[in-house]
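The values are calculated or read from the model by the stated rules, or taken from the named source; none is laboratory data. No experiment lies behind these values; they were computed from the predicted model shown. Methodologically, a virtual Cβ is constructed for each residue, glycine included, from the backbone with ideal geometry; neighbour enumeration extends over all protein chains shown. We work out accessible area using only protein heavy atoms, side chains counted, and drop any ligands, DNA or RNA first. Shrake-Rupley method; radii C 1.70, N 1.55, O 1.52, S 1.80 Å.
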Amino acid sequence: MDVSSFLSGNYLTHLDLPLPLQAWTISKADQQLVGTDQKVCVTFAEYPAKAIGLNKTNLRRIVELYGLDGTAWTGKQLQVYRSTTTYSGKVMQCVRVCGPGQAMPDPVCDAQGNVLPPVAPTQAATEAVQQPVAAPQQQQAAAGDTVWLRGGVYEFNAGLGASANAVYFNKSGAPGQR
């Protein structure tokens, strides 16, 4: 029995993020009642089904980037990513935001809460996370390169043949060796 529908709610959580790092555009900022608290909420063009109720950390980051007028945030971009925080003495997964191209001040986590290696804060890195196989610099690895495979569905183009359904490594990793 899949219980994921019971974990879903009206607001964006780390479980809703398809990848650890996303570059999303703010489509709306407004004030909403979240539980018993009034919160500033942001909706993204790329995920219009749910808003994120901003905690003070995320709200301060957006204010530092785009100012106190929430109506002026529309059309602005943020990097949205999974991370962890301590709440009531427990480490919990959360959603964090920062500006496009900024270094992420919190660790980036996968869906299970495992901390991922740092991603360079560049547009190319953001695109590589969103479309890993499509990033030209990741098409071919050389001996000694570190290859990161992120969770997701990887579709192969027809040039690889109809039977291509896996990533094939044919290098040993040692210089001068196959």
- Task: With a Förster radius of 25 Å, plug the Cβ-Cβ distance of residue 55 and residue 1 into 1/(1 + (r/R0)^6) and report the FRET value to the nearest 0.05.
- Result: 0.20
- Extension gain residue 15-residue 71, at 0.36 nm per residue separation less the Cα-Cα distance, in nm? 17.4 nm
- Note on the structure: Rounded to the nearest 10 Å², the 1.4 Å probe accessible area of residue 65 is 60 Å²
